[in-house]
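The values are calculated or read from the model by the stated rules, or taken from the named source; none is laboratory data. Just so it is clear, the structure is predicted and the values come from calculations on it, not from any experiment. Here Cβ is always computed from backbone atoms with ideal geometry, including for glycine, and neighbour counts include all displayed protein chains.
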Amino acid sequence: MKKDKNSKAITLTEEISKLPTLDKKYKGMLDHIKTSMPAIKKTTANFYKSHSQFMNVMLDVTAITPVRSIKHTLAEIDKTRAALEEAHLNMQENTIKIRMREKKLEDPDLEPLEREFLEQKILRLKVQGANALNSVQGAIRKMSFFTTQYKSLLKKLGKEQITEKEYEEEEVKYHIMTCMKQALNAARARGGQIDEGNLIYLFDMGINAATAQKETFDYLSKENELIKKGINPTHGMTLEWLEHCADLFKNDSQAFSDKRGFKLLDDKSLITSGKERKK
């Protein structure tokens, strides 16, 4: 009969309990572990992934604009794919090593001690393979989840794919909204004042910090007025304000780039689709 990974764990627990140097009180603990291990293994399988789906969406991919969200989502897919491929190759190599050692065990002239050593090597490789499989299965679920998110984001945009040009064009909006989001949160903790880091961020994008400070102060004042009236400000309000900031400052980076002698968007250096080339 073929043993599963749970039985391997139980077998190793039994082997440990047979160690002559092990205190008797630990043998009782190992018996307790042995009886509980199948249920533990089954439940633990739920957690063989780095983060929950909630954390992936709300705290890992935090980009505030859709194309940037797609970029981060694809980065997670690509990172997980690379890890899966590496794990698969390692598992394949382990399988070959096991077969090579099992072949050696067929030698009738093998010394008993060497045979025992080979059997231990084989067991180690099998345990490593079982443990690696847990991580692989978790990674597959993660990759499937982010693939679903990728399709969901494209559907929301009404697109089948995103071009490099669309990504570059959205960068202005992304950075303005990200900077103003950070500036607003810093101002909440600083009596309405934007912190130095985001003031530098604003300057580097060609946005006047005093104007950004006024916008931030005015928004916080609006929230305070609502609270005085017994109305709770909403997250949606903040998103609308960030959209307003993106529209207000959208031309500032281009003007600053021109002043410095830079070309903000170079079409010749982008990957273009067949349709774009025909145009």
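Annotations for the structure displayed:
- The stretch 40-88 - residue that is more than 30 Å from E240 (Cα to Cα) and among the aromatic types (F, W, Y) and, of those, surrounded by the most Cβ atoms within 10 Å (Cβ to Cβ): Y48
- Inter-residue pairs, beta-carbon under 8 Å, first assigned by TED's automatic domain parsing to the domain that holds M177 and surrounded by 14 or more Cβ atoms within 10 Å (Cβ to Cβ) and in the stretch 213-234, second of a type in the set (D, E) and in a helix (DSSP H, G or I), 6+ apart: P233/E223
So that you can scan it fast, the table gives a plain yes or no per residue for (1) touching a Lys or Arg at 6+ places or on another chain (Cβ under 7 Å); (2) modelled with pLDDT of 95 or more; (3) not in a helix (DSSP H, G or I):
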| site | (1), (2), (3) |
| --- | --- |
| T43 | no, no, no |
| I70 | no, yes, no |
| D78 | no, yes, no |
| P108 | no, no, yes |
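- Selected residue (only one of G192, G197 is surrounded by fewer than 19 Cβ atoms within 10 Å (Cβ to Cβ) and touching a Phe, Trp or Tyr at 6+ places or on another chain (Cβ under 6 Å)): G192
- Residue match in the stretch 114-129 (condition: within 20 Å of A63 (Cα to Cα), in a helix (DSSP H, G or I), out of contact with any Leu (no Cβ under 7 Å at 6 or more places or on another chain) and touching a residue at least 12 places away in the same chain (Cβ under 8 Å)): no
- For the stretch 107-127, the tally of residues that are charged (D, E, K, R) and surrounded by 12 or more Cβ atoms within 10 Å (Cβ to Cβ) stands at 6.
- The lone criterion from (1) farther than 22 Å from K181 by Cβ; (2) surrounded by 15 or more Cβ atoms within 10 Å (Cβ to Cβ); (3) among the small types (G, A, S) left unmet by A255 is number (2).
- R141 satisfies every condition listed in (1) under 28 Å from V61 (Cβ atoms); (2) outside any helix (DSSP H, G or I) except (2).
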